[in-house]
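Trainee: Dropping a structure here in structure tokens format, bear with me for questions.
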Amino acid sequence: QKEVEQNSGPLSVPEGAIASLNCTYSDRVSQSFFWYRQYSGKSPELIMSIYSNGDKEDGRFTAQLNKASQYVSLLIRDSQPSDSATYLCAVRASGNQFYFGTGTSLTVIP
Amino acid sequence: DAGITQSPRHKVTETGTPVTLRCHQTENHRYMYWYRQDPGHGLRLIHYSYGVKDTDKGEVSDGYSVSRSKTEDFLLTLESATSSQTSVYFCAISAGGREVNEQFFGPGTRLTVL
């Protein structure tokens, strides 16, 4: 069983603040990591993918990967109320299988 | 949006009846997946396919079967539905490969077994 652990939250931040979401994984051979956003009643939407150690930035989102520590994080800068959702961390393992954490619920307070 | 559709989108059925959910993709991706999502458990893999007629079990495959006779279609069958199979079911696709191998989800099917 490949384990993916997320801080379960819920996490609340004021509008304009930085939201920090964290994820750890157990499978050392995993090479691909993903963050999904899921609004209530909707399907998961891919927002970031990262494959190499370090930071990857896309607009207000930054994904950070540290394979030695088996840790991946997502930072959301200038948080907006529209960012309120559940964020899922996912890891791609061998056989092209993907394993998901249970999600972190984020609320951005206006 | 990735070209993934699921049907039906909602279904209510009774215990013991067979149910088939359909996933259709227009992306010609090699990999297709069925997940269920339940509160407190996140997304759990039921079955997946890595090509036409090539399928394998996931972590919660008991009570489910799948078939893939065409690249674009992946069917999930509950042979005899039970109340524990009440859930939201998501289909997903992935191109596979060593580099870019992102996974995209369909809109989901909400299944209620009475």
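The values are calculated or read from the model by the stated rules, or taken from the named source; none is laboratory data. Just so it is clear, the model here is predicted, and its values are computed rather than measured. Neighbour counts run over all protein chains shown; Cβ positions are idealised from the backbone, glycine included. Heads up: the accessible areas ignore ligands, DNA and RNA and are worked out on the full protein's heavy atoms, side chains in. Shrake-Rupley method; radii C 1.70, N 1.55, O 1.52, S 1.80 Å.
Trainee: Using the Cα centre of the protein assembly as shown as the reference point, and only Cβ charges (+1 on K/R, -1 on D/E), how large is the resulting charge dipole? Debye, rounded to the nearest 20.
Mentor: 300
Trainee: Given N residues in chain A, what is Rg(Cα) / (2.2 N^0.38 Å)?
Mentor: Output field value: 1.01.
Trainee: With a 1.4 Å probe and every protein chain kept in, tell me what percent of the accessible surface of chain B is carbon plus sulfur.
Mentor: 47
Trainee: Considering only protein heavy atoms and a 1.4 Å probe, what is the carbon-and-sulfur percentage of the accessible area of chain A?
Mentor: Carbon and sulfur atoms account for 47 percent of the accessible area of chain A.
Trainee: Quick one: which residues, 5 or more positions from A:Met48 or on another chain, have an amide H under 5 Å from its amide H? H modelled 1.01 Å from N in the peptide plane, none for Pro or chain starts.
Mentor: The list, which skips near neighbours in sequence, is A:Trp35.
Trainee: Return the single residue from A:Gln70, A:Gln38, A:Gln97 with maximal mean-square fluctuation; model: Gaussian network over chain A, springs between Cα atoms under 10 Å.
Mentor: It is A:Gln97.
Trainee: Still on this model: Send over a whole-number figure in Å² for the accessible area per residue of chain B, probe 1.4 Å.
Mentor: With the other protein chains kept in place, chain B gives 48 Å² per residue.
Trainee: Less than 29 Å apart at the alpha-carbon level, and either on another chain or at least 8 residues along: which lysines does that give for B:Lys53?
Mentor: A:Lys2, B:Lys11, B:Lys70
Trainee: Among B:Ser80, B:Ser94, B:Ser49, which one moves the most in a GNM of chain B with springs linking Cα atoms closer than 10 Å?
Mentor: B:Ser80
Trainee: A follow-up question, please. Find the accessible area per residue for chain A; the probe is 1.4 Å, ligands and nucleic acids are left out, and the unit is Å².
Mentor: That works out to 45 Å² for each residue.
Trainee: Please give, to one decimal in nm, the separation of the simple spin-label points placed at A:Gln80 and A:Asn66, each 7 Å out from Cα toward the Cβ.
Mentor: Label-label distance for A:Gln80 and A:Asn66, simple model: 3.1 nm.
Trainee: So which GluC sites (Glu not before Pro) in the stretch B:51-114 are both in a DSSP loop and have at most 10 other Cβ atoms within 10 Å of their Cβ?
Mentor: Those satisfying the criteria are B:Glu99.
Trainee: Quick one: 3J(HN,Hα) in Hz for the stretch A:104-109, Karplus 6.51/-1.76/1.60 with θ = phi - 60°, rounded, Gly and Pro as x.
Mentor: 10, 7, 10, 10, 9, 8
Trainee: A follow-up question, please. Roughly how large is the A-B contact in terms of buried accessible area, totalled over both chains, probe 1.4 Å, nearest 100 Å²?
Mentor: 1600
Trainee: Right, something else. When Cβ neighbours within 10 Å are restricted to other protein chains, what is their mean count per residue of peptide A:35-43?
Mentor: For this peptide, the per-residue mean of nearby foreign Cβ atoms is 3.
Trainee: Which aspartates and glutamates, if any, have their Cα less than 18 Å from the Cα of A:Lys42, not counting same-chain residues under 8 positions apart?
Mentor: List returned: A:Asp83, B:Asp1, B:Asp38.
Trainee: For chain B, take N as its residue count and report Rg(C-alpha) divided by 2.2 N^0.38 Å.
Mentor: Normalised by 2.2 N^0.38 Å, the Cα Rg of chain B equals 1.01.
Trainee: So what J values fall out for the stretch A:53-58 if you push phi through Karplus, 6.51 cos²θ - 1.76 cosθ + 1.60 with θ = phi - 60°, rounded to Hz, Gly and Pro as x?
Mentor: Here the 3J(HN,Hα) series is 4, x, 10, 9, 10, 8 Hz.
Trainee: What shape does the protein assembly as shown have by the C-alpha gyration tensor, where a ≥ b ≥ c are the square roots of the eigenvalues, rounded means a/c under 1.5, and otherwise prolate means a/b greater than b/c and oblate the rest?
Mentor: Prolate.
Trainee: I'd like the trypsin sites (Lys or Arg not before Pro) in the stretch B:4-93 restricted to DSSP loop residues with at most 16 other Cβ atoms within 10 Å, sorted by number.
Mentor: B:Arg9, B:Lys53
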